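The values are calculated or read from the model by the stated rules, or taken from the named source; none is laboratory data. Quick caveat, the model's predicted, so the values are computed rather than measured. With ideal geometry, Cβ positions are generated from the backbone for all residues, glycine too; neighbour counts draw on all protein chains shown. When the accessible area is computed, the model is the full protein with side chains, heavy atoms only, and any ligands, DNA or RNA have been set aside. Shrake-Rupley method; radii C 1.70, N 1.55, O 1.52, S 1.80 Å.
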Amino acid sequence: MSKSSATRRWKPPRVQLAAVNAESQPSTPQPAPGPVSAPRADDAALRAALRHGVAGLVALVVVAAVVATIVAGLPGLWGALIGAAIGGFFILATAVVVLRTATLDSGVQGMVMLASWVGKLLVVVIVVAVLKHFDFYSRGALFLTVLGSLLIVLGAETYGLLRQRVPYVGS
């Protein structure tokens, strides 16, 4: 090697880029600005539980509305619909809060869960206190539908959660 070739630095080859005309290129969709909440893989079990819970609630609403209407007429229908709304709200709101707070620290998640539980309890107590003054619904249909919705939605959520295949990675 000669002395002149050893002192010379390596330079990358020049590459000429062709000028790109913006109109000639097909437009590609750009992501929306701001945070995008894409479904996460580890939330699949919670989403499945929520889907099964909603499906269980819809099935209960149909069955309870038909049976309560046959047994108690229009007041039975109102009792079944209000009972399904109360019970479904109470259980499904918990599933939504768990799904939304899954990425938070456990302490913050616990505080949010406690606050949501107190809030749900207050909403239910207020709704029941307001409904107590009216007689357009069947109280028996309301009670049985609330009880049924709590059991069926919770059971459907549990079924949906247990049916998911979630990989376990030990450390």
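What do you reckon, is Phe143 open to solvent by 30 Å² or more (accessible area, probe 1.4 Å), closer than 18 Å to Ala80 by Cβ and not in a helix (DSSP H, G or I)?
no
Would you confirm, using the coordinates I've provided, whether Gly88 is in a helix (DSSP H, G or I) and either under 17 Å from Leu57 (Cβ atoms) or open to solvent by 80 Å² or more (accessible area, probe 1.4 Å) (or both)?
yes
Show the residue pairs meeting these rules: Cβ distance below 7 Å; 6+ apart or different chains; first residue within segment 47-60 and over 14 Å from Ala102 (Cα atoms) and open to solvent by less than 40 Å² (accessible area, probe 1.4 Å); second residue at pLDDT below 90 and among the polar types (S, T, N, Q).
Between residues of segment 47-60 that are over 14 Å from Ala102 (Cα atoms) and open to solvent by less than 40 Å² (accessible area, probe 1.4 Å) and residues that are at pLDDT below 90 and among the polar types (S, T, N, Q), the close pairs are Ala48/Gln164.
Among what's in segment 107-140 and is surrounded by 12 or more Cβ atoms within 10 Å (Cβ to Cβ) and within 25 Å of Val71 (Cβ to Cβ), pick the residue that is nearest to the chain's Cα centre (by Cα).
Ranking the candidates gives Val124 first.
Filter segment 151-171 for residues that are in contact (Cβ under 8 Å) with a residue 60 or more places away in the chain and open to solvent by less than 60 Å² (accessible area, probe 1.4 Å) and give the result. Show your work before the answer.
First, pick out the residues of segment 151-171 that are in contact (Cβ under 8 Å) with a residue 60 or more places away in the chain: 152-161, 163-164, 166.
Val153, Gly155, Ala156, Glu157, Gly160 - these are the residues of segment 151-171 that are in contact (Cβ under 8 Å) with a residue 60 or more places away in the chain and open to solvent by less than 60 Å² (accessible area, probe 1.4 Å).
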